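These notes are about the structure you will find just below.
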Amino acid sequence: MKRQIDLDKKIKAFIEREFSGIGTSQQLYELKEELTVNLKERARDLVKEGKSEDAALKEVIHSMGDMSGLKEDMRQIGDDQSKRDVYTSTVSRISTAGFIVGILVMVFGGLATTMLYFMGLPGEAVTGPSIFIVGGGMLFTYSLLTRETTTRYAMIKGRALLYTLAIGITLFSIFVACTSGLATGELFIAISSFIIFFLVGLGLWLGLLFTTKTSRKK
């Protein structure tokens with residue numbers, strides 16, 4: 001395990017050296033994250049095939065080829081404040097729209113559920129609209145994680161989607177528990193339904209949490 005951590009650190013250090021001296025930007029952050037993840041995965045595969053860590057490191061670095069074009073693109077973006085401002089402004093507007101829509105969808109789900117409850121409908125019918133809380137919560141989560149702020153870069157979209165999925169499954173476990181419990185009147189069915197989805201969501205969330213080794217701070 002320690003050897004793998006050392007190899008990951010060497011790959012991270014290589015990427016940082018390659019792009020040192022280039023103005024910081026959200027695009028550069030995402031590029032370095034993507035390259036680091038890809039190189040780590042390739043290196044791990046090579047080590048599993050029996051190659052030494054040094055040999056694996058040399059091979060994945062060689063596979064990168066000429067990155068002068070990427071560096072120049074990132075340098076131009078880093079030096080061009082207007083490009084960075086336009087990118088950040090666009091992403092911010094999309095994120096804000098996601099916040100608003102996510103909150104509205106969650107509020108709709110909550111109000112619709114409350115309305116059906118006071119209408120005296122069966123329990124399973126009352127909980128039906130609460131599925132909107134699950135969808136709204138996922139949209140809100142994704143918008144939050146992919147939002148660039150003055151102090152932090154936005155999370156790369158792939159990881160943000162996985163976190164969103166983890167939150168969605170966790171919220172869905174509560175929805176399923178309430179719906180199945182009210183529909184059957186059996187507490188053990190509600191608990192068993194909750195456990196299945198909750199453990200999946202919790203496992204995914206913990207896996208992401210313990211594999212996060214990069215900082216998004218500017």
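The values are calculated or read from the model by the stated rules, or taken from the named source; none is laboratory data. Keep in mind it's a predicted model, so treat the numbers as computed, not measured. Methodologically, a virtual Cβ is constructed for each residue, glycine included, from the backbone with ideal geometry; neighbour enumeration extends over all protein chains shown. For accessibility, only protein heavy atoms count, side chains too; no ligands or nucleic acids. Shrake-Rupley method; radii C 1.70, N 1.55, O 1.52, S 1.80 Å.
Restricting Leu182, Leu162 to those that are open to solvent by 70 Å² or more (accessible area, probe 1.4 Å) and in contact with an Asp or Glu (Cβ under 8 Å, 6 or more places away or on another chain) reduces the list to Leu182. The residues of region 73-94 that are modelled with pLDDT of 75 or more and polar (S, T, N, Q), listed by number, are Gln76, Ser89, Thr90, Ser92. Summed over region 18-48, residues that are in contact (Cβ under 8 Å) with a residue 24 or more places away in the chain and of a type in the set (Gly, Ala, Ser) total 3. Across region 2-17, not a single residue is classified as open to solvent by 80 Å² or more (accessible area, probe 1.4 Å), in contact (Cβ under 8 Å) with a residue 24 or more places away in the chain and under 21 Å from Arg216 (Cβ atoms).
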